[in-house]
Amino acid sequence: MMINETLVLKLLNLTLFCFGLGALASLALARRAPAARWTGHMLALLGAGSVGTLAVAGLAGGTAHWTLSGLLPFGGVVLGIDRLSAFFLLIIAVGGFPASLYALGYTRAYESRHSLGAMACTWNLFLATMTLVVLARNVLTFLVLWEAMSLVSYFLVLTESDHAETQHAGLVYLVMTHAGFACLLMGFLLLAHATGTMDFAHWRAATASLGASTRHAIFILLALGFGAKAGVIPLHIWLPQAHPAAPSHVSAVMSGVMIKLGIYGLIRLGFDWLGIGPAVWGGAILAVAAVSAVLGVLYALMEQDLKRLLAYSSVENVGIILLGIGAGLLFQAYHLPGLAALALLAGLYHTLNHAAFKSLLFMTAGAVVQATHTRHMEAMGGLIKRMPQTALFFLVGSVAIAALPPFNGFFSEWLTFQSLLLSWQIPARDVNLIFALAIAALALTSGLAAACFVKAFGITFLALPRSDQAGQACEVSWVMRAGMALLALACLALGIWPVGVLYALQATIFEMNGAYANLYFDWKTVVANPPFATVAPLLMACALAALLAAIPLALRLRRGRTVRRYYETWGCGRALQTARFEYTSTAFANPFKRVFAFLYRPIKELDIEFHPESRFFVRTIAYRNEVRSVFEEALYQPLIRSTQWIAEQARRLQSGNVQSYLLYILIALVILILLAR
């Protein structure tokens, strides 16, 4: 089906009109908080819906090219759409539409404390800049929009800037995002200089003649810049600080959508702009991916802050996505285009899946935080009785992210496993070893992720309330639950009916790489590299549904006319159960802390205060057992200390003495004259 270019341009104009009007209307109504909240977020909702329509048009083959020559130098503002851009527009819509709906109810709690007009304005600008980033088609357009997206998201992170924790998170995010931008700037300028053009469309043909050292330098710089935005280890340090600090609908889109633009850049870099590269590129991406996946979930397991746990889990899932991308680059380097396309398809499918289930989890976490006024899981518990629908949505997200059928995480991780297992077709033992380690990392990550979300759901929603706030919690507004319900349905649909997405991804990869994935699929069956491995998602879902329905039916038939009796849980000899009997988050994670102590390097402190008259009676016990961040201590703290030392030395040059400044100028002039000779 061919889509008229005029229709695509109209959809793009409609999208920008909705977001632009939403931003302006929010500011105009800033003094009327309810009106600003509803108007701004409703227009963002319409804009996100328009983005989804534009994505469908692009995936169906619609193309467009839009140039505004007067706005920027070196070619002006150049926008365009292809199938890869359209797929990432779909991800923006999947995250942005339900988040905008959710924000209608969620931001009501900010009316008396913050400007809802400013919040709604920056929200519209955030969605608009992300949309335009994936449509950018030359260097300056991309960099300007990338920086605008980063700055707008920075202001959203600082929404609750009256908290010191939020200010620190914003500072770390600002530093890391601009460090990544500096790498992008250098990489893009080097690539533009080497190819003689700033237009993305001409890079693939021009880079084939570049020297190996130039291509390596470009790849490293751009991979660092995009990796910092994606949150790969060790560039992840901003992510577990900024995501929890932001409002929950912002956290959902930052984690579910924004970090995927780093993935978009890496795919453009490895499969489009630089053409077929050496195997070392894919090997490096695969190694970083494996480390990010394993360490991300290990740090998530230790967290007691619910939103920080989800943020570390995003590091893990970015690692899983990059396993597919790294494998694709390696297959491409060894001229196996069908397997390269299969691995890339697995990575892209998991990118879409993560946008759905991680956005859902952050929204449910936001609902819990709004109801209990805490992010600390040890102060929650028992919420399944007070917030049953939120608990159900969190359970759906937990099952999906743990890669259990019939939800979407299972299918994309299955595809990733199959693409990695097919590495035996590469005739290089060292590469096969890298793949074997990646398979082991993915298997370990899958098991640890299941344990992590057993902890997250169990400690948060089950047993008895551990605080008065948890005991008084109630269900959130219907509009927030509607946003969560949409994502829960998306997680189920993507898991049991992947056919439509697979068709779109096959066409997307073929348009970019000229090869279809080694994959057969119909309405009920998916076969990887026929006949290597087969899965039937829809039939599996039907079998699980039948089993779940058969169990209570069988119990009812067996029980007959027996009477059900209700009785309190056994209290170990005590008359009344209390929250102190419950398993804690710390206790649940302690076995993992012991096994991986070489990584966590926990700090243990025990302070016992005895009764002044007898040491047989203890007055208080204070116990501290915290884990440490290896990368923060080994990499970032020495870097910060070195930067501070250099700054202190530089301050000595700023004496305030005019004669000293004239001497500096004279020295600089002498050096320039000598160099000119």
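Among the residues of the stretch 400-435, write down those that are within 24 Å of Leu298 (Cβ to Cβ) and either in contact with an Asp or Glu (Cβ under 6 Å, 6 or more places away or on another chain) or free of Cβ contacts under 8 Å to residues at least 12 places away in the same chain (or both).
Passing the criteria: Ala403, Leu433.
Where in the stretch 560-668 are the helices (runs of 4 or more DSSP H), entirely inside, with at least 1 residues that are assigned by TED's automatic domain parsing to the domain that holds Arg466, in contact with a helix residue (DSSP H, G or I) (Cβ under 6 Å, 6 or more places away or on another chain) and of a type in the set (Phe, Trp, Tyr)?
Numbers: elements: 585-595, 597-600, 637-651.
The helices (runs of 4 or more DSSP H) meeting that bar number zero.
For the structure I just gave you, tell me whether Ala517 is touching a helix residue (DSSP H, G or I) at 6+ places or on another chain (Cβ under 9 Å), surrounded by 16 or more Cβ atoms within 10 Å (Cβ to Cβ) and outside any helix (DSSP H, G or I).
Numbers: touching a helix residue (DSSP H, G or I) at 6+ places or on another chain (Cβ under 9 Å): yes; surrounded by 16 or more Cβ atoms within 10 Å (Cβ to Cβ): yes; outside any helix (DSSP H, G or I): yes.
Yes, satisfied.
Among the residues of the stretch 196-211, which ones are under 10 Å from Trp273 (Cβ atoms) and of a type in the set (Val, Ile, Thr)?
The one that is under 10 Å from Trp273 (Cβ atoms) and of a type in the set (Val, Ile, Thr): Thr207.
Among the candidates Leu538, Leu544, Leu557, which residue alone is modelled with pLDDT under 90 and either under 20 Å from Leu462 (Cβ atoms) or not basic (Lys, Arg) (or both)? Before you say what the answer is, go through the steps one by one.
Details: Leu538 fails: modelled with pLDDT under 90; Leu544 fails: modelled with pLDDT under 90.
Among Leu538, Leu544, Leu557, only Leu557 is modelled with pLDDT under 90 and either under 20 Å from Leu462 (Cβ atoms) or not basic (Lys, Arg) (or both).
I'd like the full set of residues that are of a type in the set (Ser, Thr, Tyr) and more than 23 Å from Thr67 (Cα to Cα), limited to the stretch 99-142. Give the steps one after another, and end with the answer.
Quick first cut of the stretch 99-142, residues of a type in the set (Ser, Thr, Tyr) only: 100, 102, 106-107, 110, 112, 115, 122, 129, 131, 141.
Scanning the stretch 99-142 gives Ser100, Tyr102, Tyr106, Thr107, Tyr110, Ser112, Ser115, Thr122.
Which of the residues that make up the stretch 156-179 are part of a helix (DSSP H, G or I), of a type outside the set (D, E, K, R) and surrounded by fewer than 17 Cβ atoms within 10 Å (Cβ to Cβ)?
From the stretch 156-179, those part of a helix (DSSP H, G or I) are 156-160, 164-179; that's our starting set.
Okay, now just the ones that are also of a type outside the set (D, E, K, R), so 156-159, 164, 166-179.
Residues satisfying the conditions are Ala164, Gln167, His168, Leu171, Val175, His178, Ala179.
Can Ala451 be described as in contact with a helix residue (DSSP H, G or I) (Cβ under 8 Å, 6 or more places away or on another chain), buried (at least 16 other Cβ atoms within 10 Å of the Cβ) and either hydroxyl-bearing (Ser, Thr, Tyr) or in a helix (DSSP H, G or I) (or both)?
Values: in contact with a helix residue (DSSP H, G or I) (Cβ under 8 Å, 6 or more places away or on another chain): yes; buried (at least 16 other Cβ atoms within 10 Å of the Cβ): yes; either hydroxyl-bearing (Ser, Thr, Tyr) or in a helix (DSSP H, G or I) (or both): yes.
Yes: the conditions hold for Ala451.
Identify, from the list Arg652, Arg641, Arg619, the residue that is among the charged types (D, E, K, R) and modelled with pLDDT of 80 or more.
Details: Arg652 fails: modelled with pLDDT of 80 or more; Arg619 fails: modelled with pLDDT of 80 or more.
Every option except Arg641 fails the conditions.
Scan the stretch 398-415 for residues that are of a type outside the set (A, V, I, L, M, F, W, C) and within 19 Å of Tyr312 (Cβ to Cβ) and report the count. Give the steps one after another, and end with the answer.
First pass over the stretch 398-415, keeping only residues of a type outside the set (A, V, I, L, M, F, W, C): 398, 405-406, 408-409, 412-413.
Next cut, within 19 Å of Tyr312 (Cβ to Cβ) only: 398, 409, 413.
Matching residues across the stretch 398-415 total 3.
With the structure loaded, tell me whether Ile401 is closer than 25 Å to Phe592 by Cα, buried (at least 23 other Cβ atoms within 10 Å of the Cβ) and under 22 Å from the mean Cα position of the chain (by Cα) or whether it fails that test.
Values: closer than 25 Å to Phe592 by Cα: yes; buried (at least 23 other Cβ atoms within 10 Å of the Cβ): yes; under 22 Å from the mean Cα position of the chain (by Cα): yes.
So Ile401 fits the description; yes.
Here is a yes/no grid of residues against (1) touching a residue at least 12 places away in the same chain (Cβ under 8 Å); (2) in contact with a helix residue (DSSP H, G or I) (Cβ under 6 Å, 6 or more places away or on another chain):
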{"residue": "Glu5", "(1), (2)": "yes, no"}
{"residue": "Val8", "(1), (2)": "yes, yes"}
{"residue": "Phe19", "(1), (2)": "yes, yes"}
{"residue": "Ala23", "(1), (2)": "yes, yes"}
{"residue": "Leu27", "(1), (2)": "yes, yes"}
{"residue": "Leu59", "(1), (2)": "yes, yes"}
{"residue": "Gly62", "(1), (2)": "yes, yes"}
{"residue": "His65", "(1), (2)": "yes, no"}
{"residue": "Leu68", "(1), (2)": "no, no"}
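Could you pull out the residue among Ile267, Ile276, Ile285, Ile233 that is in contact (Cβ under 8 Å) with a residue 60 or more places away in the chain, of a type in the set (A, V, I, L, M) and not in a helix (DSSP H, G or I)? Break it down stepwise before answering.
Numbers: Ile267 fails: not in a helix (DSSP H, G or I); Ile276 fails: in contact (Cβ under 8 Å) with a residue 60 or more places away in the chain; Ile285 fails: not in a helix (DSSP H, G or I).
Result: Ile233 is the single residue among Ile267, Ile276, Ile285, Ile233 that is in contact (Cβ under 8 Å) with a residue 60 or more places away in the chain, of a type in the set (A, V, I, L, M) and not in a helix (DSSP H, G or I).
Any residue in the stretch 566-580 that is modelled with pLDDT of 75 or more and among the aliphatic types (A, V, I, L, M)?
The answer is yes, given that some residue of the stretch 566-580 is modelled with pLDDT of 75 or more and among the aliphatic types (A, V, I, L, M).
If you go through the stretch 29-38 one residue at a time, do you hit one that is farther than 30 Å from Gly196 by Cβ and within 28 Å of the chain's Cα centre (by Cα)? Step through it out loud before you land on a result.
Residues of the stretch 29-38 farther than 30 Å from Gly196 by Cβ: 29-38.
Retained after the next criterion (residues that are within 28 Å of the chain's Cα centre (by Cα)): 37-38.
Scanning the stretch 29-38 turns up at least one residue that is farther than 30 Å from Gly196 by Cβ and within 28 Å of the chain's Cα centre (by Cα).
The values are calculated or read from the model by the stated rules, or taken from the named source; none is laboratory data. Small disclaimer: the values here were computed from a predicted structure and weren't measured. All Cβ positions, even for glycine, are placed from backbone atoms using ideal geometry, and neighbour counts span all protein chains on display.
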